[in-house]
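Beneath this line is the structure, given in structure tokens, with notes to follow.
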Amino acid sequence: MTRDDAQALDTADPLARFRDAFDLPRGVIYLDGNSLGPPPLAAHERMAQVTRGEWGDGLIRSWNAAAWIEAPARIGDKIARLIGAKTGEVIVGDSTSVSIFKLAAGALSLRPGRMTLLTETGSFPTDLYALQGLTALLGERVRVKAVAPHDVAAAIDEDTAAVLLTHVHFKSAQRWDLAALTAAAHAKGALVIWDLCHTTGAVALDLNGVEADLAVGCGYKYLNGGPGAPSFLFVAQRHQAAIRSPLWGWMGHAEPFAFEDGYRPAPDIRAQITGTPQVLGLAALEVGVDLQLEADPALVEAKGLALANLFIAEVEARAADPALKLASPRDPAQRGLHVAFTHPQGYALVQAMIARGIIGDFRAPDIARFGFSPLFLSHAQVWDAAHALADILATRAWDRPEFRARAAVT
Ligand SMILES: *Cc1c(COP(=O)(O)O)cnc(C)c1O
């Protein structure tokens, strides 16, 4: 493909208009929206409005007057539309890590007598740690079983309460067959908790269509909700009466402002809330979610996969270095919207790219990872990034001491 071909694709791109909705520095090609999405321009204005008007002028009155108290459920309902869930099935709050803990414990409450929480080895660390921490708390009664991804389906048995899986893998971008795995778990009476961190805002989803049970996802990746944005948590309607959150707090009470001594959970998704909503984080997240809702999810996924395909093809056609290997599935149907290449000098490679204004990231031990957020990237940018990577490899531009010095966050 020539650069003109890439530009022609941009001219025909139905999502091109979204580019101007983001505040990205000139000259930067941002291939890390899968780790921290950039700010929508509207977020700046909204944050000023919240801190000056709602917080400053409104003070505590804003819990009612500015509907702060409704934000977790209101934004949850908006995210529900992005993931094929119903109104009242999604709530926003806490970090993804905390939400995973809550749902893992919640799954045990839905499957009393079953003692195993099953998951995949090599999953995102927090997913594994949340399960390990929960079982450390519960003692002998519950165990975590982590098996290789291709052994997961066969490992589900009558003792499995729930399976926790990351729909799109954070390193390889390998995608689970969400419908098939959910059905396999249900056949054994087990539940599935889907981690949708690298899915939401990227890969089109229909949770209700596959009878999904429970899910969590991230606000600051493809939803562009801002650093540390609250997570979201999905509980299918049919599970809401029985599920118990392990973290009881006043905001999950049936009547928070009755100030009762005894805990009585809210009868709906609100029982998953623990404490006071993070209003500033929620305000920024809502801007990102509103923007995402304007885009057709099928077009979003198709463009992201096309960008990733373009990147892989251009890199492989030009990169002379045999040490560079594709670590993501070649088949786009099996992939999320990022691409991983392994290289022994992966860290230095990514730093050399960043020095040229092309921002990806590194995942130990040897993965250079590039995300293709469909709302703000153009085909021409991806073409440029691929050619820069090929040039860096050909000229060994990565081979400098400053590119090898590791920072705290990679
Ligand atoms: C990004 C990510 C998380 C993040 O968890 P936090 O609590 O927000 O730090 C969790 N799981 C997966 C799979 C992720 O990709």
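The values are calculated or read from the model by the stated rules, or taken from the named source; none is laboratory data. These numbers come from a predicted model, not from an experiment. Heads up, the Cβs are rebuilt from the backbone with ideal geometry, glycines too, and the neighbour counts pull from every protein chain shown. Protein only, heavy atoms only, side chains kept; ligands, DNA and RNA dropped before computing areas. Shrake-Rupley method; radii C 1.70, N 1.55, O 1.52, S 1.80 Å.
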Degrees between helix 125-138 axis and first principal axis of the chain (Cα, 0 to 90, nearest 10): 20
How high is the relative contact order of segment 223-334, in percent, with contacts defined as C-alpha pairs under 8 Å that are six or more residues apart? 29
In nm, what is the difference between 0.36 nm times the number of residues separating Arg26 and Leu299 and their Cα-Cα distance? 95.7 nm
How far, in nm, would the chain grow between Thr11 and Thr395 when pulled straight, counting 0.36 nm per residue and subtracting the alpha carbon separation? 135.0 nm
In whole percents, the bins of 10 Å from zero upward hold the Cα-Cα pairs of segment 364-410 as 19, 43, 34, 4
Looks like segment 109-189, by Cα gyration tensor root eigenvalues a ≥ b ≥ c and the a/c under 1.5 rounded cutoff (else prolate when a/b is bigger than b/c, oblate otherwise), is oblate
Based on the Cβ-Cβ distance from Asp157 to Ala364, what FRET efficiency comes out when R0 is 30 Å, to the nearest 0.05? 0.35
1/(1 + (r/R0)^6) with r = Cβ-Cβ of Arg19 and Lys86, R0 = 35 Å, i.e. FRET efficiency to nearest 0.05, evaluates to 0.65
The answer for His253, listing residues at least 5 apart or on another chain whose modeled amide H is closer than 5 Å to its amide H, is Ala266
Using a Förster distance of 51 Å, the FRET efficiency for Asp177-Ala258 (Cβ separation, nearest 0.05): 0.65
For Leu165, the accessible surface traced by a 1.4 Å probe with all protein chains present amounts, in square angstrom to the nearest 10, to 0
Pairs of Lys in the chain closer than 23 Å at Cα, counting only those 8 or more apart or on different chains: 15
Once you have the Cα-Cα distance between Trp248 and Thr121, take 0.36 nm times their residue separation minus that, and quote the gain in nm to one decimal. 42.7 nm
Mind checking the angle between helix 379-395 and the chain's longest principal axis? C-alpha axes, 0 to 90 degrees, to the nearest 10. 60
Treating every alpha carbon of segment 46-293 as one equal point scatterer without solvent, the Debye formula yields log10 I(q)/I(0) values at q = 0.09 Å⁻¹ of -0.37
Roughly how many whole Å is it from the C-alpha centroid of segment 374-397 to that of segment 36-63? 36
Given springs between every Cα pair under 10 Å in a Gaussian network model of the chain, which of Glu140, Glu314, Glu54 has the largest fluctuation? Glu140
Residues whose modelled amide H sits under 5 Å from the amide H of Leu324, counting only those 5 or more places away in sequence or on another chain, are none
With the Cα gyration tensor of segment 243-300 giving a ≥ b ≥ c as the square roots of its eigenvalues, does the rule (a/c under 1.5 for rounded; else a/b larger than b/c for prolate; else oblate) give rounded, prolate or oblate? prolate
I'd like the orientation of helix 346-355 relative to the chain: the angle between its Cα long axis and the longest Cα principal axis, in ° from 0 to 90, rounded to 10. 80
Express the carbon and sulfur contribution to the solvent-accessible surface of the chain as a percent, rounded to the nearest whole number, probe 1.4 angstrom. 57
Given a cut-off of under 8 Å on Cα pairs at least six residues apart, what relative contact order in percent is computed for segment 51-167? 24
With every protein chain present, what is the per residue accessible area of the chain (1.4 Å probe, Å²)? 41
Per residue of segment 276-283, what does 6.51 cos²θ - 1.76 cosθ + 1.60 with θ = phi - 60° give for ³J(HN,Hα)? Whole Hz please, x for Gly and Pro, Karplus curve as stated. 4, x, 7, 4, 5, x, 5, 5
Given only helices, namely DSSP H runs of n ≥ 4 each adding -39500 (n - 2.57), what is the per-residue ellipticity at 222 nm of the chain, to the nearest 500 deg cm²/dmol? -11000 deg cm²/dmol
Among His338, His169, His186, which one moves the most in a GNM of the chain with springs linking Cα atoms closer than 10 Å? His186
Of the candidates Ala180, Ala190, Ala390, which one comes out as most mobile in a Gaussian network treatment of the chain with C-alpha springs shorter than 10 Å? Ala180
What percent do you get for the relative contact order of segment 46-293 when only Cα pairs under 8 Å and 6+ apart count? 24
